[in-house]
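Here's the structure we're looking at; comments come further down.
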Amino acid sequence: MDLPARRKGSPTHPDLVRVADGFNVMPPWLPGGFDIFAEQVVPILRKRGLFPHGYTGTTLRDHYDLRRLASVFSDLVQAIA
């Protein structure tokens, strides 16, 4: 893929948006390296609409509006009770 120099590495380039669904972050040192990333990069990603400001639920399942699956043990518990 031949990207213009001003857009190389940009997560908003259309070719990159179609092939990526998230970010993996490996800080250069621990502890502390992630703090700098969070303070300096996350605001830029939020401004571009690439990082959420908050979540809609308290669990990942809630955030994606997925129904809670029944436990395979629920019938067993009811039979014992």
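Applying a DSSP loop filter and a limit of 16 other Cβ atoms within 10 Å to the trypsin sites (Lys or Arg not before Pro) in the stretch 31-81 leaves ARG48, ARG67, ARG68. Each label was represented as a point 7 Å from its Cα along the Cα-to-Cβ direction; for TYR55 and ARG68 these points are 1.5 nm apart.
No lab work stands behind these numbers, since they all come straight from the coordinates. The structure presented is a predicted model; accordingly, all values stated were derived computationally and were not measured. Neighbour counts run over all protein chains shown; Cβ positions are idealised from the backbone, glycine included.
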